[in-house]
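Everything on this sheet refers to the single structure shown next.
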Amino acid sequence: MNLEELSGGYRESAEKLRIRLRLLRAALREERDPDRRCRMLQDYQRMTQMHTQCRELQELTARYYERGYCRNEKYTL
């Protein structure tokens, strides 16, 4: 398996997280308990970071072998 093939898994994960984030946003609008809302906001922030990372890694793995592709500095050694 090469990196291009891994990009599909990252794409699927990012899509699942996007759907979950949308559902969580809707639940946050309805939530009235301050403690529960605070926990939900923390979950939302973590999932947002995970979603961003999945999208970045999907692009990196999909284009890794392209000549001249300027890679994300976050994911280089």
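The values are calculated or read from the model by the stated rules, or taken from the named source; none is laboratory data. Quick caveat, the model's predicted, so the values are computed rather than measured. Glycine gets a Cβ as well: all are built from the backbone with ideal geometry, and neighbour counts include every protein chain shown.
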- Would you check which residues across region 1-29 are of a type in the set (Asp, Glu) and modelled with pLDDT of 95 or more and list them? Glu12, Glu15
- Query: Condition test on Arg25, is it touching an Asp or Glu at 6+ places or on another chain (Cβ under 6 Å) and of a type outside the set (Phe, Trp, Tyr)?
  - Reply: no
- For region 1-48, enumerate the residues that are in a helix (DSSP H, G or I) and basic (Lys, Arg). Arg11, Lys16, Arg18, Arg20, Arg22, Arg25, Arg29, Arg36, Arg37, Arg39, Arg46
- Which numbered condition trips up Leu28, out of (1) over 14 Å from the mean Cα position of the chain (by Cα); (2) loosely packed, with under 14 Cβ neighbours inside 10 Å; (3) more than 19 Å from Gly8 (Cβ to Cβ)? (2)
- Looking at region 31-67, which of its residues are of a type in the set (Phe, Trp, Tyr), under 20 Å from Glu4 (Cα atoms) and either surrounded by 11 or more Cβ atoms within 10 Å (Cβ to Cβ) or in contact with a Phe, Trp or Tyr (Cβ under 9 Å, 6 or more places away or on another chain) (or both)? Tyr64
